[in-house]
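Novice: The structure under discussion is supplied below as structure tokens; questions concerning it will follow.
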Amino acid sequence: MYITDNNKKLLKKIYVFFRTGENKYIFDTVFKNYPQGIPILLDNFRYLFFGALKQYVPFNLLWRVTYKCNCNCNFCVQQGYKKKDLNSKEVFRLASQISRSKICVVILSGGEPFVRSDLFNILEILRKRNKCVVIATNGVLIKEFRDDILSLGVEQLMISIDSHLPTIHDHLRNTAGAFDRIMKGIESIKEKRKGKRPFINVRAVVSKENIDHLGDYLDFFKPRVDSISFSPLQLYSANYTNNNRDQLLDKSDAGKLRKIITEYSKKYYFLKTSYYRLMPDFVENPKKLISNNLFRCLLASAFYLEIQNNGDVSPCSQLSMSEQGSKIKGSLSLGNIKYDELEGLWKIRKCFLIQNFLRSKKNKCICWCSGNDMNTDLARFFK
């Protein structure tokens, strides 16, 4: 890359991106504990801006190890998923492939990962090769499995908590006593962990039912955990719904959300990032963000792959290419690890074509979830 004035602005944007909010922790952690991930991260940026790269390896992998869950969230669309989970032999084979690859960060998600009886066998395989393992969980079982979480070196727990008020959280999660069990689990982890490992992040799905308490939520959790994040309930991404659509935020909520973010950003610096600053605009008119070149799907187009509970592999599990009018028709799946080697799947031409489409202006799909700082901060560098 030639260092022009425009490139200097780009490099500054990338630097700022990694020094704010959750990204600062991720950046510092990778540099400190996972130096092998640094060249992969740099290569992913080269891939993002310059295209084809022979040695391309995604920095980050989201693996939905199951869709089974011990909660019954009233907005969750995953309740209707019927795809069968991989069996233990298949997941161990996949975990071994991941561990041998140069992938740096592995997020184990669900459903609820802790309901898999072989989860810690998977963790053991990944940690033997020093993979940075993050677990996205509803938090109900973390106290029960605290010792295994600590001994195996889980890097971060991303815990879904939708309200600081037990009655509202338990109602949204449709699980009596869930809030109290989560808080006891968090305290149990903090009591025994060394330093901030695992790092504890709590995240809320903001809907009409809890938006009025969002400010109090921030004040409640700020002294109790290491970081906080929230996303609006939406029709796409991890926090999406086909149920209870009346809980989706609409234009009437955008002003309320903007007021809360503006007010609380004065004392909580992480709210100053573009992810939060533009969130009310997303709620109000998401398509306008694309037309004004304020959003581009960049994270999924270079840094990321997903593996579904049944073994399907794709750059993004939410987008339907045929609905978007792409020349790439049919499924987004690159293959299935029951029949294909994982590393071979991100090297095929279909992967390159899908990733190119994801970051192009032709892609009209927009979601608002972790990683959107990149999707917004760097969007203007893509025409």
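Novice: Which residue is nearest to the chain's Cα centre (by Cα), if the candidates are limited to region 271-316 and must be small (Gly, Ala, Ser) and within 23 Å of Ile107 (Cα to Cα)?
Specialist: From region 271-316, those small (Gly, Ala, Ser) are 274, 291, 300-302, 311, 314; that's our starting set.
Still in the list and also within 23 Å of Ile107 (Cα to Cα): 300-302, 311, 314.
Details: Ala300: 10, Ser301: 14, Ala302: 14, Gly311: 19, Ser314: 15 Å.
Across region 271-316, the extreme among qualifying residues is Ala300.
Novice: State which residue is most open to solvent (accessible area, probe 1.4 Å) when the search covers only region 31-54 and only residues that are part of a helix (DSSP H, G or I), more than 23 Å from Arg380 (Cα to Cα) and touching a residue at least 60 places away in the same chain (Cβ under 8 Å).
Specialist: Kept after step one, since they are part of a helix (DSSP H, G or I), are these residues of region 31-54: 31-33, 35-50.
Pick out the ones that are also more than 23 Å from Arg380 (Cα to Cα) and you get 31-33, 35-40.
Cutting the leftovers down to touching a residue at least 60 places away in the same chain (Cβ under 8 Å) gives us 33, 36-37, 40.
Values: Asn33: 54, Gln36: 84, Gly37: 0, Ile40: 13 Å².
The residue in question is Gln36.
Novice: Select from region 298-315 the residues that are open to solvent by 20 Å² or more (accessible area, probe 1.4 Å) and either assigned to a loop (DSSP other than H, G, I, E, B) or in contact with a His (Cβ under 7 Å, 6 or more places away or on another chain) (or both) and list them in ascending order. Walk me through how you get there before you give the answer.
Specialist: Here is the first cut: in region 298-315, the ones open to solvent by 20 Å² or more (accessible area, probe 1.4 Å) are 299, 304, 310, 312.
The answer is Leu299, Asn310.
Yes/no per residue for (1) of a type in the set (D, E, K, R); (2) modelled with pLDDT under 95; (3) closer than 21 Å to Leu62 by Cα:
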{"residue": "Leu108", "(1), (2), (3)": "no, no, yes"}
{"residue": "Phe120", "(1), (2), (3)": "no, no, yes"}
{"residue": "Asp162", "(1), (2), (3)": "yes, no, no"}
{"residue": "Leu172", "(1), (2), (3)": "no, yes, no"}
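Novice: Check every one of the strands (runs of 3 or more DSSP E) wholly within region 82-191 and list those with 1 or more residues that are more than 30 Å from Leu248 (Cα to Cα) and touching an Asp or Glu at 6+ places or on another chain (Cβ under 9 Å).
Specialist: Numbers: elements: 105-109, 132-137, 156-160.
In region 82-191, 105-109, 132-137 are the strands (runs of 3 or more DSSP E) which contain 1 or more residues that are more than 30 Å from Leu248 (Cα to Cα) and touching an Asp or Glu at 6+ places or on another chain (Cβ under 9 Å).
Novice: What helices (runs of 4 or more DSSP H), lying completely within region 193-293, carry at least 1 residues that are at pLDDT 95 or above, of a type outside the set (Lys, Arg) and under 15 Å from Ser160 (Cβ atoms)? It would help to see each step written out before you state the result.
Specialist: Values: elements: 214-221, 251-264, 274-277, 279-284, 286-291.
The qualifying helices (runs of 4 or more DSSP H) are 214-221.
Novice: Answer with yes or no whether Leu342 is of a type outside the set (S, T, N, Q) and farther than 30 Å from Leu233 by Cα. Even if it seems obvious, please write down each step before you answer.
Specialist: Details: of a type outside the set (S, T, N, Q): yes; farther than 30 Å from Leu233 by Cα: yes.
Spelling it out, Leu342 is indeed of a type outside the set (S, T, N, Q) and farther than 30 Å from Leu233 by Cα.
Novice: Taking region 172-207 as the search range and keeping residues that are over 18 Å from Ala136 (Cα atoms) and over 24 Å from the mean Cα position of the chain (by Cα), which one is most open to solvent (accessible area, probe 1.4 Å)?
Specialist: Of everything passing the filter in region 172-207, Lys194 is most open to solvent (accessible area, probe 1.4 Å).
Novice: Give me a count of the residues in region 55-80 that are in a loop (DSSP other than H, G, I, E, B) and in contact (Cβ under 8 Å) with a residue 60 or more places away in the chain. Working first, answer last.
Specialist: Going residue by residue through region 55-80, those that are in a loop (DSSP other than H, G, I, E, B) are 55-59, 65-76.
Cutting the leftovers down to in contact (Cβ under 8 Å) with a residue 60 or more places away in the chain gives us 56-59, 65-67, 69-76.
Count: 15.
Novice: Which ones in region 361-380 are part of a loop (DSSP other than H, G, I, E, B) and either open to solvent by 30 Å² or more (accessible area, probe 1.4 Å) or closer than 13 Å to Gln318 by Cβ (or both)? Walk me through how you get there before you give the answer.
Specialist: Pass one, region 361-380, residues part of a loop (DSSP other than H, G, I, E, B): 361-371, 378.
Lys361, Lys362, Asn363, Lys364, Cys365, Ile366, Cys367, Trp368, Cys369, Ser370 - these are the residues of region 361-380 that are part of a loop (DSSP other than H, G, I, E, B) and either open to solvent by 30 Å² or more (accessible area, probe 1.4 Å) or closer than 13 Å to Gln318 by Cβ (or both).
The values are calculated or read from the model by the stated rules, or taken from the named source; none is laboratory data. Keep in mind that what you see is a predicted model, and the values were worked out from it rather than measured. Heads up, the Cβs are rebuilt from the backbone with ideal geometry, glycines too, and the neighbour counts pull from every protein chain shown. Accessible surface areas use protein heavy atoms only, side chains included; no ligands, DNA or RNA. Shrake-Rupley method; radii C 1.70, N 1.55, O 1.52, S 1.80 Å.
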